[in-house]
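Taking it in order: structure first as structure tokens, then the write-up.
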Amino acid sequence: MHSPEVYHQELVALLDSPAAELCVIGQLSPALQQHLGNAKVHSHDNIQQFLEADASMQPPSVLVLIQADVIDTLPSQLGTICQRFPNQVLIELQYDPNDKTAALNFRQACFAMGFRRALNMVSDGSEYQLYEYRLKNYKQAPDWLNSRFWANPERFNIR
């Protein structure tokens, strides 16, 4: 668990280019806004508004800030976001720590779509979970999938 200050610093450090451009869906907290500094932030109230926005916009990172009550509608919308912005998508869920079903449903939905847990924080009676999706990290190549095990180069000169 992280303190709010450390959490926001690590979240900004996770961004591909925090000083350049970022799309934010949801309400950005003043503390996080302060950590983003001079970054060009494109804000949208909800996912549907974001998906209907200008399709030519290609920011390096997308940050989705959601509440526990919209988890059921997320999978199809997040899938669309991941397809349109494969560089980096971050999802932050804020929920009541006593509501473990919201956290479990959110975690299952994120893992099913290839997200990885990045950060976790408890602050002011709320808990925050941050998950990250990057296409380049979606599937790691297994160790055995290389020429050393398939081509046997040490045997090329044997007759």
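Mind checking whether some residue in region 45-52 is in a helix (DSSP H, G or I), modelled with pLDDT of 80 or more, surrounded by 14 or more Cβ atoms within 10 Å (Cβ to Cβ) and aromatic (Phe, Trp, Tyr)?
Yes, because at least one residue in region 45-52 is in a helix (DSSP H, G or I), modelled with pLDDT of 80 or more, surrounded by 14 or more Cβ atoms within 10 Å (Cβ to Cβ) and aromatic (Phe, Trp, Tyr).
Just give me the residues in region 77-94 being closer than 18 Å to Gln48 by Cβ and either in a helix (DSSP H, G or I) or at pLDDT below 85 (or both), in sequence order.
If the condition is that a residue be closer than 18 Å to Gln48 by Cβ and either in a helix (DSSP H, G or I) or at pLDDT below 85 (or both), then Gln77, Leu78, Gly79, Thr80, Ile81, Cys82, Gln83, Arg84, Phe85 are the ones that fit.
The values are calculated or read from the model by the stated rules, or taken from the named source; none is laboratory data. Keep in mind that what you see is a predicted model, and the values were worked out from it rather than measured. Methodologically, a virtual Cβ is constructed for each residue, glycine included, from the backbone with ideal geometry; neighbour enumeration extends over all protein chains shown.
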